[in-house]
Amino acid sequence: MNTTELTAVAGISPERLPALLRGMPKAELHIHIEGSLEPELIFALAARNGVSLAFDNVESLRAAYAFSDLQSFLDIYYAGASVLLHEADFHDMAMDYFRRASADHVVHAELFFDPQTHTDRGVPIEVVINGLARACEEAEAEFGITSLLILCFLRHLSEETAFDTLAQALPSIERHRDRLVGVGLDSSEQGHPPEKFARVFARCRELGLRLVAHAGEEGPPAYIWSALDVLKVERIDHGVRCVEDPSLVARLAAERIPLTVCPLSNVKLRVFDTLAQHNLARLLELGLCITVNSDDPAYFGGYVNQNYIETFEALPAMTAADAYTLARNSFEASFANSTQKARWIELLDSYFLNA
Ligand code: ADE
Ligand code: ZN
């Protein structure tokens, strides 16, 4: 879109924003697939697999979704994942996500998964990956969504166990080379700096895998620096605390390093008290490549469209031109090839030019 066209888009009235945001094509780049497990599916899988839960019913489980910080969420999130045992469970969970994402006009999704949460319970890693990969294929046929998988190492565990996980995953990485394209780093951030995983990320880089890491969600800007300089990641997940360090902001802007921001997650986990206090608009103003994502939608009050709509509602300075920028960033920051990206951007341009 040229500048004149973008100025016209900026003039779209605020009342039209929710519908515009809902219908615009977008990519989602920060979604933990285990975080899409809705309470109803947790109970259905618990019954199917004979797993007992610490909650009596869906309502009492949902009522426990009041978090004081990242750790208080992770405790309940790992407990929820305990119902996942068989390939069909991983497949069904991912299909539920794709169905919802498709309704939100997501045309491409890059799914994080946490293999150690499952292998530590005796579930073989290929069961996890085969179930997810099968859902990715089906979602493309059924909903036209393309997708990639990103294996995340749990940072509260040791680098040695991350190496073990990588070794277990290698045959699946070979088998699903075009699907499982990268590795990430998630779980408890404070006290677990990126450099703890320097060697395993270096190995993944040698293997030709794409690299991302959570940094600057609860952790300090120094963790974003080391994710970039030590791990050599291409995208930062969250990264909202970068604003505390102007030289870091300058670096992120100059190198156009994408930040996959998750506004509803940040409020639920008390990174910001309210959405009105979220720094997303400021990050865009600073010229950063920002994307909007859901993180763990079953736990944080909504899927990607809910994130867009509530954020624009809470930050009235944001216009339809920002919506265009965010969606465009989501395609540019994806790990898809340049032909695919150009096709999506054409689709996006025509959506906005006809809005
Ligand atoms: N795992 C799932 N969601 C996460 C988040 N928001 N931060 C770190 N690890 C996670
Ligand atoms: Zn996350």
Legend entry - Net charge dipole size for segment 240-294 [Lys, Arg +1 and Asp, Glu -1 on Cβ; Debye, nearest 20]: 140
Inset, instruction - Any chance you could check the Cα centroid distance between segment 255-308 and segment 198-247 for me, in angstrom? - result: 17
Inset, instruction - Would you kindly derive the ³J(HN,Hα) couplings of segment 82-98 from the backbone phi angles with the Karplus curve 6.51 cos²θ - 1.76 cosθ + 1.60 (θ = phi - 60°), listing them in order in whole Hz, with x for Gly and Pro? - result: 5, 7, 8, 10, 10, 3, 4, 5, 5, 4, 5, 4, 5, 5, 4, 4, 4
Inset, instruction - Please give the calculated 222 nm ellipticity per residue for the chain, where each DSSP H segment of at least 4 residues contributes -39500 (n - 2.57) and the sum is spread over every residue; nearest 500 deg cm²/dmol? - result: -15000 deg cm²/dmol
Inset, instruction - Pop out the ³J(HN,Hα) list for segment 145-152 in order, Karplus 6.51 cos²θ - 1.76 cosθ + 1.60 with θ = phi - 60°, rounded to Hz; leave Gly and Pro as x. - result: 8, 8, 7, 10, 10, 10, 7, 9
Legend entry - segment 121-181: Cα Rg divided by the 2.2 N^0.38 Å rule of thumb: 1.23
Legend entry - Nearest-20 debye value, segment 246-355 charge dipole, Cβ charges on Lys, Arg, Asp, Glu: 220
Inset, instruction - Can you find, among Cys136, Thr119, Ser147, the residue farthest towards the positive end of the dipole of segment 104-158? Put +1 on the C-beta of Lys and Arg, -1 on that of Asp and Glu. - result: Thr119
Inset, instruction - Evaluate the relative contact order of the chain (contact order divided by residue number), counting alpha-carbon pairs under 8 angstrom at least 6 apart; express in whole percent. - result: 22
Inset, instruction - Just the number, please: carbon plus sulfur as a percent of the accessible area of the chain, 1.4 Å probe, no ligands or DNA/RNA counted. - result: 52
Inset, instruction - With a probe of 1.4 Å, find how much accessible area segment 3-353 has per residue, and write the answer as a whole number in Å². - result: 37
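Add +1 for every Lys or Arg and -1 for every Asp or Glu among the other residues with Cβ under 9 Å from the Cβ of Glu159, and state the total. Spell out each step's value before the answer.
On the way: positive: Lys196, Arg199; negative: Glu160.
Here the count lands on +1.
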Legend entry - Positive-pole candidate from Leu288, Ala336, Leu348, dipole of segment 213-355, charges at beta carbon: Ala336
Legend entry - Cα Rg, Dmax (largest Cα-Cα span) when computed across the chain, Å: 19.3, 60
Inset, instruction - Return the loop-located GluC sites (Glu not before Pro) in segment 253-313 (DSSP other than H, G, I, E, B) with at most 15 other Cβ atoms within 10 Å of their own Cβ; answer none if there are none. - result: Glu255
Legend entry - Ordering of 89-98, 6-15 by packing [mean C-beta count within 10 Å, highest first]: 89-98, 6-15
Legend entry - For segment 248-253, 3J(HN,Hα) per residue [Karplus equation, 6.51 cos²θ - 1.76 cosθ + 1.60, θ = phi - 60°, Hz, x = Gly/Pro]: 5, 4, 4, 5, 4, 5
Inset, instruction - For segment 174-303, go through all pairs of different Cα atoms, get the mean of 1/r, take its inverse, and jot down that Kirkwood value in Å. - result: 15.2
Inset, instruction - List the residues whose amide H sits under 5 Å from the amide H of Ala213, counting only those 5 or more places along or on another chain, with H placed 1.01 Å from N in the peptide plane. - result: Leu185, Arg235, Asp237
Legend entry - Given charges at beta-carbon only (K, R positive; D, E negative), |dipole| of the chain in Debye: 640
Inset, instruction - Please list the non-local residues whose amide H lies under 5 Å from the amide H of Val181, H modeled 1.01 Å from N, same-chain partners needing a gap of 5 or more. - result: Leu149
Inset, instruction - Please grab the % of Cα pairs in segment 26-150 that end up more than 18 Å from each other. - result: 52
Inset, instruction - Rank by packing, highest mean first: peptides 229-239, 106-116, 264-274, with packing defined as the count of other Cβ atoms within 10 Å averaged across residues. - result: 106-116, 229-239, 264-274
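The values are calculated or read from the model by the stated rules, or taken from the named source; none is laboratory data. These numbers come from a predicted model, not from an experiment. Note that each Cβ is placed from the backbone with ideal geometry, even for glycine, and that neighbours are counted across all protein chains shown. Please note that ligands, DNA and RNA were not included when accessible areas were found on the heavy atoms of the full protein model with its side chains. Shrake-Rupley method; radii C 1.70, N 1.55, O 1.52, S 1.80 Å.
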